[in-house]
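Shown next, in C-alpha cells, is the structure this report addresses.
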Amino acid sequence: MKIAEILQQAPNQQQLTVKGWVRTFRANRFIALNDGSCLSNLQCVVDFEQTPETVLKNITTGAALAVKGYLTESQGKGQKVELIVEEITVVGAADPEQYPIQPKKHSFEFLREKAHLRVRTATFSAVMRVRSALSFGVHRFFQDRGFFYVNTPIITGSDAEGAGEMFRVTTLDPKQPKTDEAGAVDYSEDFFGKETNLTVSGQLEAETYALGLGDVYTFGPTFRAENSNTTRHLAEFWMIEPEMAFYDLEDNMNLAEDFIKSVLQYVLDNCKEDLVFLDERFAKEEQSKPQQQRSKMGLLEKIRFVVENEFVRISYTEAIEILQQSKPNKKKKFQYVIDVWGADLQSEHERYLVEQHFNAPVILFDYPAKIKAFYMRMNEDQKTVRAMDILFPGIGEIVGGSQREERLDVLQERIKAMGIDEKELWWYLDLRRFGSVPHSGFGLGFERLVQFATGMGNIRDVIPFPRTPQNASF
Ligand code: 4AD
Ligand code: MG
C-alpha cells in the first residue's frame with residue numbers, strides 16, 4: 001500500500017506491506033520511510049533485538065526497503081499512526097559512505113549536481129508532485145471547455161518567433177558538411193533536405209488546427225538557444241499554447257486569466273500538504289533576505305491573491321507613462337531608463353509595475369509593432385499590435401500572446417517589412433487565403449507557472465533535468 005493511503009487509515013492493527021526509501025533511521029528503532037506518494041514519511045518501528053544484524057546495518061538513508069507489519073496508533077508525537085515492523089527486506093542498500101543525499105540541509109546548487117537523486121528530498125518531491133498536478137490541471141481546464149489537444153512538431157523548418165535563437169537539427173558530418181560553390185553548407189544533403197531546427201513555439205502549426213477544430217491547445221517541449229543565464233530561462237522548457245478561432249484579444253485575455261486562476265485553484269485544492277510545506281520553506285528563505293528584497297506575501301497568500309483578484313489590464317502606452325513618472329526612472333535607478341515610447345520593457349520595468357506600482361498581476365496589451373512578432377494583428381493606429389503579456393510578481397512575464405493578423409495583404413506586408421522569406425510561410429499564408437477568421441492565442445511558460453506555485457526561486461529547480469547554457473548533464 002502507498003504511504004499516502006496508509007496515512008488516511010484508522011489504525012486497527014491491520015497487516016500491511018509498504019515499500020519505499022529510508023529518509024532517516026533513529027536510535028536503531030525508528031525508520032522514517034518515504035515512497036514518494038506524499039510528503040509525509042511513515043514511521044516504522046523496528047525491534048532491533050528481533051532484527052538480524054545483516055539487515056540492521058543496511059537500514060541507512062537512501063536504502064530501499066520492503067516492510068511488513070501492522071498499523072497502530074503512534075505513541076510518539078509528530079504522527080498519528082505508525083507501523084510496527086514484523087519483517088524487513090532490504091531491496092536495495094545504499095552505501096552511507098557514498099550516498100550523497102544525507103539527512104541535513106543541502107544547497108540547491110549542490111542538489112542540481114545530483115539531479116538524479118534530488119527527487120528523494122522533501123523539497124524536490126513536493127515541487128514535482130505540484131508540477132504533476134499543475135499539468136493535470138492544464139489538461140482539465142481545456143478539456144472541460146471543449147478544446148482539443150494537438151501535438152505540433154518538435155522538428156521544424158520555420159522560425160515561429162523570428163528571433164533566430166534556434167538549435168539546429170542535422171545529420172550532416174560536423175567536420176565536413178557538403179558545401180556549395182559559394183562555400184555555404186548544402187542542406188539539400190541533410191536528413192530533411194533542408195535546414196531544420198528544434199521548435200521555439202508550436203503556435204503557427206496550432207493556428208492551422210484552430211482554423212479547423214475551433215479551439216485547440218498544445219502542451220509540449222520548446223527550445224530556445226538564447227544565452228540567458230537567469231533564474232527564469234531554460235534552453236528546454238514546456239509551453240502551453242491555446243489557439244482559438246473567432247477570439248479577439250479581449251476574449252484571449254479573459255481566457256488566459258481564467259486559465260491561470262483555474263490551475264492554481266486546482267493545486268490549492270489538491271496539493272495541500274505539499275503547498276503548506278513549500279509555504280514554510282519559502283517563508284524561511286525570505287527571512288534570510290534583506291528586508292527590502294523580501295516578498296510582501298507568503299506563498300499560499302500569493303497564490304490565493306492571484307486566484308481571488310482581477311488582473312490589472314493596461315496598455316503599453318499607459319505603462320510607459322507610469323514608468324516615466326516613476327521614482328527609479330526619474331532618479332535613473334533603472335539600468336535602462338525609459339525615455340521614449342517604443343522602448344522594449346526590461347524585466348526591471350515589468351517588476352516595477354507588478355511588484356511596486358500595482359502589487360498585482362498585470363496584463364499589458366497593444367505593444368509597439370516594432371518590438372513584437374510578425375503575426376500579431378495591426379491596430380488602426382498602424383503603430384501598435386494586438387499583443388498581450390501577463391506579468392507576475394517575482395516571475396515577470398509568464399504569458400505572451402496576441403490576436404493574430406488574419407488579413408492576407410496586411411500580413412504579407414508585415415512579413416516583407418521584417419525581412420522574412422514569404423515562401424517559407426506559404427502554408428501559414430494559405431490560412432488567410434481560405435476561410436480566414438479572426439483568431440487569437442497565447443503561450444504560457446509551464447516552468448514559470450511551477451515556480452510561481454511552488455515559490456522556487458530558480459527555474460532549474462522546477463524541471464527534473466534542466467538544460468541551460470553549458471549544462472546538459474543527465
Ligand atoms: O512570449 P513567447 O516567446 O511567446 C511565444 O512563443 C508565442 N508563440 C506564444 C503564443 O502566442 N502561442 O513565449 C511564451 C512564454 C513566455 O511568456 C514565458 O513564460 C515562456 O514562454 N518562455 C520561457 N520559459 C522558460 N525559459 C525560456 N527561455 C522561455 N522563453 C519563453
Ligand atoms: Mg514574450
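Each value in this text was obtained by applying a stated rule to the coordinates, not by laboratory testing. These numbers were taken from a predicted model, which means no experiment stands behind them. Note that we place each Cβ from the backbone using ideal geometry, even for glycine, and neighbour counts take in every protein chain shown.
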Open item on the list: Viscosity 1.306 mPa s, temperature 10 °C: what is the translational diffusion coefficient of the stretch 3-103 from Stokes-Einstein with a Kirkwood Rh over Cα pairs, rounded to a whole number of µm²/s?
Closed with: 118
Task: Between the stretch 372-421 and the stretch 211-251, the Cα center-to-center distance that results, in Å - done: 14
Open item on the list: Within 10 Å of each candidate Cβ there may be at most 13 other Cβ atoms; applying that plus a DSSP loop requirement, which trypsin sites (Lys or Arg not before Pro) in the stretch 47-113 survive?
Closed with: 57, 77, 80, 104, 105
- [ ] Go through 439-445, 148-154, 453-459 and give me the packing order, highest mean Cβ count within 10 Å leading.
- [x] 439-445, 453-459, 148-154
Task: Helix-derived mean residue ellipticity, 222 nm - over the chain, DSSP H n ≥ 4, -39500 (n - 2.57), to 500 - done: -9000 deg cm²/dmol
Task: Least to most buried among 179, 54 (fewest other Cβ within 10 Å first) - done: 54, 179
- [ ] Can you spot the lysines whose alpha carbon is less than 29 Å from residue 2's alpha carbon? Ignore those fewer than 8 places along the same chain.
- [x] 19, 57, 68, 77, 80, 104, 105, 114, 272
Open item on the list: Using a 10 angstrom Cβ neighbour count of at most 11 plus a DSSP loop assignment to flag exposed GluC sites (Glu not before Pro), which longest range of the chain is free of such sites?
Closed with: 182-309
Open item on the list: With 10 angstrom as the radius, rank 307, 340 by how many other C-beta atoms surround their C-beta, starting from the fewest.
Closed with: 340, 307
- [ ] Provide the per-residue ³J(HN,Hα) series for the stretch 374-379, in order, calculated from phi with Karplus coefficients 6.51, -1.76, 1.60 and θ = phi - 60°, each as a whole number of Hz, with x at glycine and proline positions.
- [x] 5, 8, 7, 6, 6, 7
Task: Under the span-like rule (Cα at least 30 Å along the axis, Kyte-Doolittle mean at least -0.5), DSSP H helices of the chain - done: 122-144, 249-270
- [ ] List the trypsin sites (Lys or Arg not before Pro) within the stretch 366-452 that fall in a DSSP loop (any state other than H, G, I, E or B) and whose Cβ has at most 12 other Cβ atoms within 10 Å.
- [x] none
Open item on the list: For the stretch 437-474 and the stretch 117-156, what is the centre-to-centre distance using only Cα atoms, to the nearest Å?
Closed with: 11
Task: Reachable lysines from residue 423, criterion Cα separation under 18 angstrom, eight or more residues apart if same chain - done: 194
TODO: Give the percent of DSSP beta bridges with both residues in the chain that are antiparallel, rounded to the nearest 5.
DONE: 90
Task: Alpha carbon centroid spacing (whole Å) that separates the stretch 320-363 from the stretch 31-54 - done: 54
